[in-house]
Amino acid sequence: MYKVVLPILGFEDFKSSSIEKIDDFFSFLVFDEKITVVNINVLNKVSFDFQIDEDVLEKLKIKSKEDFDTYFCVVSQEPVEHSIINLVSPIFINEKEKLIGQYI
């Protein structure tokens, strides 16, 4: 079980979540329902450059890049080419400390 230290949009009332890994790139965050999230590594052709506030780093106990993975919410569509990835609000997961938070 992971502690939610920064609210996940649409799931602000939840204080914990579990994670179901599908593979190295895709996972589900599980609340009352599942949210599909994709690891940043699957987007290897896209360059990301963003700064994380000190308050966020502190809440997630992040001291270096190795302390967390970056995921993005996915809205799956049929056909799959019409699926949407929210690149504006990443979800950070600190696996070592079992902490989750969405950075908006």
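The values are calculated or read from the model by the stated rules, or taken from the named source; none is laboratory data. Bear in mind the structure is a predicted one, so any value in this text is a computation, not a measurement. For accessibility, only protein heavy atoms count, side chains too; no ligands or nucleic acids. Shrake-Rupley method; radii C 1.70, N 1.55, O 1.52, S 1.80 Å.
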Net lengthening on full extension, SER18/PHE50 (0.36 nm per residue, minus Cα-Cα): 8.9 nm
Candidate lysines - alpha carbon under 23 Å from LYS3, same-chain residues fewer than 8 apart omitted: LYS15, LYS21, LYS34, LYS59, LYS61, LYS63, LYS65, LYS96, LYS98
Region 47-99, Cα convex hull volume normalised per residue, Å³: 101 Å³
Probe 1.4 Å - accessible area at LYS15, Å² to nearest ten: 140 Å²
Integer Hz, Karplus 6.51/-1.76/1.60 couplings in order for region 90-104, x for Gly and Pro: x, 10, 9, 10, 9, 5, 5, 8, 6, 10, 10, x, 9, 9, 10
GNM flexibility winner over the chain from ILE22, ILE85, ILE52 (Cα, springs under 10 Å): ILE52
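Where a ≥ b ≥ c are the square roots of the eigenvalues of the C-alpha gyration tensor, would you call the chain rounded, which needs a/c under 1.5, or, failing that, prolate if a/b is larger than b/c, or oblate? Before the final figure, lay out each step's value.
Working: a/c = 1.67, a/b = 1.23, b/c = 1.36.
In terms of gyration-tensor shape, oblate.
Can you tell me the relative contact order of the chain? Whole percent, Cα pairs under 8 Å, sequence separation 6 or more. Working shown, then result.
Values: 182 pairs, mean separation 28.3, N = 104.
Averaging sequence separation for qualifying contacts and normalising by length gives 27 percent for the chain.
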